[in-house]
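Reviewing the structure listed below.
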Amino acid sequence: SVYGTAHWITLSDPLIDALQTQPLISPSEIRRLGGHRQQSFDESGFPVEFPPGEAVFFWVECPGYRPASCFVEPLEEVPNLSLEPCSIFEVEVLDPTSAPLLATNVVITRRAKDDAYLSLDWRARLERRYFQQTAATDHVGIALFDVLPDDKLFVWVSPRPPYGLITRDEQTPIGKLTVHAHASATVYGQVRSESGEGMADVYIGVMHADRFGIRTSVGDAN
C-alpha cells in the first residue's frame, strides 16, 4: 500500500518573481509565497481541489519512495505520477565523546550548492528547491528519513546549547551520516577605556580547552 502526503502551492506572481531573482530562496519561503497546502492520503486516493483558474505546483511524499512532482495548469487534472523506491537514510548525532545526542532537530534538503541553478528558468528552479524534511533524534541519537530526493543532500543539525549548528553539503542520501556536535558559545559586550569611552581596533581573544586539556585561542577584532 502507498500512503503519504500531497502538497501543492499556487504559482503566484510573487513566487515566480522570487524564483527568478533570489538565487538561494528557501523551501519555507517558497511554501509561504505559494500558499502551501497539504493533505494526507492512502491507497484509496484523495480529493484535491486546486484554486480555480490558477496554475499550481503539485508534489507527493510517500515513505519509502522518492518525491514526485508536476505542474498543473488551470482546469487540468493531475497526471499520473511514478514513484521510485528509495532506502532509509540515517543521520547519527553524537557529542564530542561519541555519546548519543538527544533533543536535536535534523533537516535535510536538496544540496545547497548547485552550479547550474542560475542558468535554469523559474520552473526548473522550483523543482530543485521545494523538497525539505525534518526529523528529531531518537534515544540513540539517530534521525531517520524515508523520503529522499534523487540528488545530493544538504544536511544541517540544530542541537540544543551548548552545541552549535552542524552542516554537511553534497551528502549522498545512502546509508548513514555520522556527525559530532561541538560546544559553542558567544562572547559579547563592550571594550571601554578607563574614561568609559569605546575603543576601536581591539582584538578579543578567548581560550578554549578540549577534553584532553589542549587549549585553542580564538578571537576577532572589534
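The values are calculated or read from the model by the stated rules, or taken from the named source; none is laboratory data. Since we're looking at a predicted model, the values are computed, not measured. Note that we place each Cβ from the backbone using ideal geometry, even for glycine, and neighbour counts take in every protein chain shown. Ligands, DNA and RNA are stripped out before the accessible areas are found, and what is left, the full protein with its side chains, is counted by its heavy atoms. Shrake-Rupley method; radii C 1.70, N 1.55, O 1.52, S 1.80 Å.
Given the condition in contact with a Leu (Cβ under 6 Å, 6 or more places away or on another chain), under 20 Å from Thr137 (Cα atoms) and modelled with pLDDT of 65 or more, answer yes or no: does some residue in region 182-204 qualify?
No, region 182-204 contains no residue that is in contact with a Leu (Cβ under 6 Å, 6 or more places away or on another chain), under 20 Å from Thr137 (Cα atoms) and modelled with pLDDT of 65 or more.
If I ask for residues that are open to solvent by 40 Å² or more (accessible area, probe 1.4 Å) and either within 15 Å of Ile30 (Cα to Cα) or of a type in the set (D, E, K, R) (or both), which ones from region 96-111 would you list?
Across region 96-111, the qualifying residue is only Arg111.
Any residue that is hydroxyl-bearing (Ser, Thr, Tyr), closer than 23 Å to Leu11 by Cβ and open to solvent by 60 Å² or more (accessible area, probe 1.4 Å) - is there at least one of those in region 122-135?
No, region 122-135 contains no residue that is hydroxyl-bearing (Ser, Thr, Tyr), closer than 23 Å to Leu11 by Cβ and open to solvent by 60 Å² or more (accessible area, probe 1.4 Å).
If you take just the strands (runs of 3 or more DSSP E) that sit entirely in region 82-182, which of them hold at least 2 residues that are closer than 25 Å to Leu19 by Cβ?
Because the criterion is at least 2 residues that are closer than 25 Å to Leu19 by Cβ, the strands (runs of 3 or more DSSP E) in region 82-182 that meet it are 105-110, 132-136, 153-158, 166-171.
Let's see how each residue does on (1) open to solvent by 60 Å² or more (accessible area, probe 1.4 Å); (2) in a loop (DSSP other than H, G, I, E, B):
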site	(1), (2)
Val2	no, yes
Ala6	no, no
Asp17	yes, no
Ser28	yes, no
Glu49	yes, yes
Pro52	yes, yes
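Would you mention how many residues in region 119-170 are out of contact with any Asp or Glu (no Cβ under 6 Å at 6 or more places or on another chain), of a type in the set (A, V, I, L, M, F, W, C) and over 16 Å from Leu94 (Cα atoms)?
8
Yes/no per residue for (1) within 30 Å of Pro159 (Cβ to Cβ); (2) touching a residue at least 60 places away in the same chain (Cβ under 8 Å):
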site: Gly64; (1), (2): yes, yes
site: Phe71; (1), (2): no, yes
site: Pro85; (1), (2): no, no
site: Glu92; (1), (2): yes, yes
site: Ser98; (1), (2): yes, yes
site: Ala116; (1), (2): no, no
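Of everything in region 126-149, what is farther than 30 Å from Val56 by Cβ and either free of Cβ contacts under 8 Å to residues at least 40 places away in the same chain or charged (D, E, K, R) (or both)? Give them in sequence order.
Of everything in region 126-149, those that are farther than 30 Å from Val56 by Cβ and either free of Cβ contacts under 8 Å to residues at least 40 places away in the same chain or charged (D, E, K, R) (or both) turn out to be Ala136, Asp138, His139.
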